[in-house]
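Right, one structure below, let's go through it.
The values are calculated or read from the model by the stated rules, or taken from the named source; none is laboratory data. Quick caveat: nothing in here was measured; it's all calculated off a predicted structure. Cβ: placed from backbone, ideal geometry, glycine included. Neighbour counts: every protein chain shown. Just so you know, the surface numbers come from the protein's heavy atoms only, side chains and all, with ligands and any DNA or RNA stripped out. Shrake-Rupley method; radii C 1.70, N 1.55, O 1.52, S 1.80 Å.
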Amino acid sequence: MPTDTAVEPACGGTRWRRFALALLPALIAAAVLVGVTGQGGVAASFAVSGQRFKVSADLLEGEGFAQHGAVADTAGGARHPVLLSVIRRATITGLCQSVLMPTPAGEVTFLVEAGDGERPVVATDLVIDLQQLSGDATFEDIEIGRDASTLDVPAGLAGRPGDVGQQARTVRITGLRQTAYAVNAGTFRLDGLRLSLRRGDHECF
């Protein structure tokens, strides 16, 4: 069974160097999780690592929601079909983000947690390369089947003419569980941020 012990350096320089190299992709993925904070407009698209990570939340409330099919490209040329999901402003309570990596020292989970209680995470111009999502959702003023090229999203984020899209004035999801290739945002404020690196499988769900 996985244990909740912190990761300790392996004895011997060679083993530790190998461990650090194996862990690097997890840390890069973690940077995607928490390093998207910026100021101003929507962050530019970027080559994804190709590794999926998990995100859960007790509650997500968003204003200005749009979604359409897209492709996430890796630096190595691989292409992953995704649902590009855009939320103009989102508040997220009970946020958990995780990436699980195999290493020479066993599986390691990098966890990001924030937004507990009355201090929710706040994001503007949130863009998610989504693979899978579940939860209980409520939309207001939703339009399903709208041409993806006409969606009310920031420049460069609309879909191709003729592709199917949807949008809504508001979205509310409880018990959110999603798997994604990337997340970026104009601003991403994580109150009560907690980062942890744990040996074993401690993913959000």
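The peptide list 122-128, 198-204, put in order of mean Cβ contacts within 10 Å with the highest first, becomes 122-128, 198-204.
Summing charges over all other residues whose Cβ lies under 13 Å from the Cβ of residue 88, with Lys and Arg as +1 and Asp and Glu as -1, gives -2. For the range 145-164, list residues with backbone N below 19 Å from a point placed 7 Å from the Cα of residue 79 toward its Cβ? Correct set: 148-149, 157-164. The separation of the range 55-81 from the range 166-188, counted between C-alpha centres, amounts to 8 Å. Normalised by residue count, the range 97-136 yields a Cα convex hull volume of 144 Å³ per residue.
How many percent of the accessible area of the range 56-205 is carbon or sulfur, using a 1.4 Å probe?
Values: 3420 of 6830 Å².
Of the solvent-accessible surface of the range 56-205, carbon and sulfur hold 50 percent.
Rg and Dmax of the range 89-205, based on Cα coordinates, read 16.6, 51 Å. For residue 137 and residue 71, a Förster radius of 22 Å and the Cβ-Cβ distance give a FRET efficiency of 0.35, rounded to the nearest 0.05. For the range 57-205, the per residue solvent-accessible surface stands at 46 Å², with DNA, RNA and ligands left out and a 1.4 Å probe. Placing a label point 7 Å from the Cα of residue 201 along the Cα-to-Cβ line, the residues of the range 54-95 whose backbone N sits under 18 Å from it are 54-56. One quarter of the convex hull surface built on the alpha carbon atoms of the range 81-149 amounts to 7.4 nm², the projected area averaged over directions.
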